[in-house]
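Report on the structure given below.
The values are calculated or read from the model by the stated rules, or taken from the named source; none is laboratory data. Model, not experiment: these values are computed from the prediction. Counting neighbours? That spans all protein chains shown, and the Cβs are built from the backbone with ideal geometry, glycine included.
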Amino acid sequence: MTRSGVLADHQIEAMISDGGISASADITPGQIQPASLDLRLGDVAYRVRASFLAGRQRSVKDRLRDFQMHSIDLTNGAVLEKGCVYVVPLMEGLSLPNGMTAAASAKSSIGRLDLLTRIITDHGVEFDRVPEGYRGPLYVEICPRSFSVVAQTGQMLNQIIFRQGKTLMSDDALRALHAETPIVSGDPIISDGLGFSVDLRPTKGNLVGYRAKPHTGVVDLSKLNHYDPAAFWEPVHTDDGWIILDPGAFYILVSREAIVIPPMQAAEMAPYLAMVGEFRVHYAGFFDPGFGYAAAGGSGSRGVLEVRCHEAPFVLEHGQVVGRLVYEHMSDMPKALYGQDIKSNYQGQGLKLSKHFKS
């Protein structure tokens, strides 16, 4: 019987073998991460009038009949335009046992492109959440926010984790974990998870982030280390320890703290209280076991913040708490750890754009 916790890589492999995870094409070893599975785009994207959830009584196909405008073949790649909404059937489907749920998130590189991607299911009432016992297909809603993109069948924009029973760590358990294996540089801010703040006083220079330019070319998701950042991003500098966020603009910033995810934990980035300011601080949300654990002698990796301001211009100051990491315990030890046993683009990172841009 599977112990409670987030499923590890070898347990995900067992689900594939047992039919709990199915796919229209064989699942490859490269899709399986220490605590998550990468999901692949299918052959067609449906341009829809608006974002939607299926609702308890209907399937995604039902809703597509209501909202579909036209379809786009993805087999040889196609442009998904900025500001438009698309729904793409994924190659993978699920048959979850009782007691098991699943949760999805955009992959790190996708969040850093301001590409809003959310998993929807038949009879679903929440984005990115798959209820206990779900049996059926998976779809991804894609809305490019800052840049139009070229997407193609088989590309992996989202990842999914599987939770057996209760997985969340209490604040007391998190304090005990920090005392045993420090999970953050400095004194931890623990309240419904681990709080983290923004770094606007770098140790060298005054570059603190990047802001997406409003009128750019297309980003081909298959091209890595390819694009000149200057064609897509404006550098953000400050000597004052604060910046003003413009409504509707998208920023890449970095956390002040270096974060560690030990081998028997996973974590999900969650929004902070809305009362601290009307801005959103994340799109990509999962941290695999091993993140920051082996980097620089185990001193942690900083979290990249994907920030969008709402409503009114907002002053963001150095050290302001902007988000929290919710830690979960693993069901079992992964065979491979992030950054140690598998190729990992962001281990030991600081302020960094997605892997599509030249360093």
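Which pairs turn up if I take residues in the range 1-18 that are touching a residue at least 24 places away in the same chain (Cβ under 8 Å) and closer than 21 Å to Phe287 by Cα and look for partners that are outside any strand (DSSP E or B) and of a type in the set (Lys, Arg) with beta carbon separation below 8 Å, at least 6 apart in sequence or on another chain?
From the range 1-18, the pairs are Ser4/Lys166; Ala8/Lys335; Asp9/Lys335; His10/Lys335.
Quick one: which residue in Asp172, Asp220 is surrounded by fewer than 18 Cβ atoms within 10 Å (Cβ to Cβ), without any contact (Cβ under 8 Å) to a residue 40 or more places away in the chain, out of contact with any Asp or Glu (no Cβ under 9 Å at 6 or more places or on another chain) and not polar (S, T, N, Q)? Please lay out each step first, then the result.
Details: Asp220 fails: without any contact (Cβ under 8 Å) to a residue 40 or more places away in the chain.
The conditions single out Asp172.
What number goes with the only condition from (1) free of Cβ contacts under 8 Å to residues at least 40 places away in the same chain; (2) closer than 17 Å to Asp128 by Cα that Arg56 does not pass?
The number of the failed condition is (1).
With the condition kept exactly as written, say whether any residue in the range 343-357 is part of a strand (DSSP E or B), more than 15 Å from the chain's Cα centre (by Cα), at pLDDT 90 or above and buried (at least 22 other Cβ atoms within 10 Å of the Cβ).
From the range 343-357, those part of a strand (DSSP E or B) are 357; that's our starting set.
Then keep just the ones that are more than 15 Å from the chain's Cα centre (by Cα); that gives 357.
Filter again for at pLDDT 90 or above, leaving 357.
Next, only the ones that are buried (at least 22 other Cβ atoms within 10 Å of the Cβ) stay: 357.
Yes, that holds for at least one residue.
Looking for whichever is exposed (fewer than 14 other Cβ atoms within 10 Å of the Cβ), in contact with a Leu (Cβ under 9 Å, 6 or more places away or on another chain) and either within 30 Å of Ala249 (Cβ to Cβ) or not assigned by TED's automatic domain parsing to the domain that holds Val322 (or both) here; the options are Leu200, Leu207, Leu194. Which one fits?
On the way: Leu200 fails: exposed (fewer than 14 other Cβ atoms within 10 Å of the Cβ); Leu194 fails: exposed (fewer than 14 other Cβ atoms within 10 Å of the Cβ).
Residue meeting the stated conditions: Leu207.
What helices (runs of 4 or more DSSP H), lying completely within the range 1-116, carry at least 1 residues that are crowded, with 22+ Cβ neighbours inside 10 Å, of a type outside the set (S, T, N, Q) and modelled with pLDDT under 95? Walk me through how you get there before you give the answer.
Numbers: elements: 9-18, 60-67, 108-111.
Answer list for the range 1-116: 108-111.
Can we say Gly154 is of a type outside the set (A, V, I, L, M), touching a Lys or Arg at 6+ places or on another chain (Cβ under 7 Å) and surrounded by fewer than 16 Cβ atoms within 10 Å (Cβ to Cβ)? Spell out the reasoning first.
Details: of a type outside the set (A, V, I, L, M): yes; touching a Lys or Arg at 6+ places or on another chain (Cβ under 7 Å): yes; surrounded by fewer than 16 Cβ atoms within 10 Å (Cβ to Cβ): yes.
Yes; evaluated as a whole, the condition is true for this residue.
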